[in-house]
1. So for the stretch 281-466, Kirkwood radius off the Cα pairs, Stokes-Einstein at 20 °C and 1.002 mPa s: how many µm² s⁻¹?
2. Would you compute, from DSSP H runs of 4+ residues alone, the mean residue ellipticity of the chain at 222 nm, taking -39500 (n - 2.57) per run and dividing by the full residue count, rounded to the nearest 500?
3. Only Lys, Arg, Asp and Glu count, each charged at its Cβ (+1, +1, -1, -1), so figure out the dipole size of the chain about its Cα centre, rounded to 20 debye.
4. Just how far, in whole angstrom, is the stretch 260-306 from the stretch 467-486 if you go by their alpha carbon centroids?
5. Sorted from fewest to most neighbouring beta carbons within 10 Å, what does the list L209, L377 look like?
6. Using only the C-alpha atoms of the stretch 227-299, find the volume of their convex hull and express it per residue in Å³.
7. What's log10 of I(q)/I(0) for the stretch 331-386 at q = 0.13, 0.17, 0.26, 0.27 Å⁻¹, Debye sum over Cα points only, no solvent?
8. At 7 Å along Cα-to-Cβ for each site, give me the label-to-label distance between L433 and N254 in nm.
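Values in this text are rule-based calculations from the coordinates and carry no lab data. Fair warning: this is a prediction, and the values are worked out from it, not measured in the lab. Cβ coordinates were reconstructed from backbone atoms using ideal geometry, including for glycine residues, and neighbour counts include every protein chain displayed.
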Amino acid sequence: MRVLLMEINQETNTFCATPAVLEDYKRTFFAEGEEFYNRVHGKQLCLGGMIDALEEDGIEVIPGFGIRATAGGVSASEVYKEFETRFRRIATECGTIDGCYLSFHGAHQSVDSDDVCGDALVLARELFGNEVVIACSCDLHGNITKKMFDNADIITAYQTYPHVDHYNTGYRAAKLANRLLAGEKLYMAYGRVPMIQPANGYSTSEGKLLDVMQALFAKVENGTIEDFSAFQMQPWLDVIEGGSAVIAIGKNENAAKEIVREGLRKMWAIRHDMVRPNNTIDEVIAAARTHAEGKPVAVSDFSDSPNAGAAGDNFDIVAEIMEKAPDVKIAGIVNDPDLVKECFRRGVGTTFEATIGGSKSPEMSKSYSVTLTVCSLHEGSFTIEGPAMRGVVDSAGPTATVKIGNADVVVTSGMSTTGDPQLLRHFGVEPTLYDVAIVKACTSFRVPYGKFADVMLSVDTLCASSARLAEMPFKRLSREFYPFTDCEHPKQLDEIYCK
């Protein structure tokens, strides 16, 4: 048997002012054939898990084409056109296949489509027909549409947040699909709930969402179903068809449908419990005054998280701490490509007046006039510390580390894997040497930073991934959604699909 692997992967934040163009994908991941295989094989990625599952079962892997970008604004038309053109050519050249497995995020919007992942699955069906098994892996924050469900035989999602199971998610998708290839009958049930939640407000490691996940895991462990995925829709995706969702896969159709129904009701029941309290700068400063030696206060600037599609260009937290407590040592980071270029032009050791912040999303982030000294200059590649995607090489683009008063700031041309400490460490800023380490991530930072941080706080700077969802400028998503409106039992809880 032969299975083709493909990838088109980006998490879209509709409110991010900077569009995702083809060059952004080429900078992150853009590979075909043998290069595609070599860059994902053995890595803690969904595609790495798919490859291992296929090879374990003696199925030939046909490496196709992968295109991936970091979270950001709506994708330009050229992105999907590139993917479609290559997919059509590869489908013609690869000969007869038995399966096509795809790696998605699941919340991917373009200027032409609210549902890029659904479009890719429709294309796969057009190219290969109904006899080919089609499977996909997604992020827990995917927006799983009816189009995606109708055209995929298997859909799996991360079961952790912070995400540490990329590999296992791909492995699960492939193993389940391989069983279909072997002739086994599995049913996939699906339903949605009209709810979005701020991504900094919950975790699968604690709280009420953990309870829901454990209840679903118990259904797998006792054999009621074979697999489940519980999606919390990317909350800054402004689309007509949206919603959080549950998928269950099992040998019994009625059991799969009932688990979906239970899962949706459990998720709706905890809708008021999935918000994390935010902190003030005064609270950050107070914590910085009392933190243990070598254990910084980790501060999540989550509303400016590039992992959630924000621009990463906000400097408010650093500026306010410096104004109120200039003796507090700060490790910071900001996305400001123009400032990076100026630092490279001036050179290491130079001191000059500059503006910082607000370079990518000026309607949400202010610019500040500062005096800075260039400490170091970098090409921008770094190896992820993990545990998620440990060992994968990422890039922040050309990067400068600068000193501004008592703050050492990593200034990037782009940002990815923003919850990983190597985004500071690799560029000469060791977070354990500071009173405060500012991290532009919603929740992903909590696993690696939890190993050394004294306390972890959250500050909402009201950028593109703000927790104040009801105040965001949604235009397409229905207002009959929580938190815009509330009710005891939305009708969607009873709309369960199965095939």
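1. Reported coefficient: 135 µm²/s.
2. -9000 deg cm²/dmol
3. Details: 48 positive and 69 negative charges, 51 e Å.
Magnitude of the dipole: close to 240 debye.
4. That distance is 21 Å.
5. L377, L209
6. Numbers: hull volume 11.8 nm³, N = 73.
Spread over its residues, the Cα hull of the stretch 227-299 gives 162 Å³ apiece.
7. Those come out to -0.38, -0.63, -1.15, -1.19, one per q.
8. 6.6
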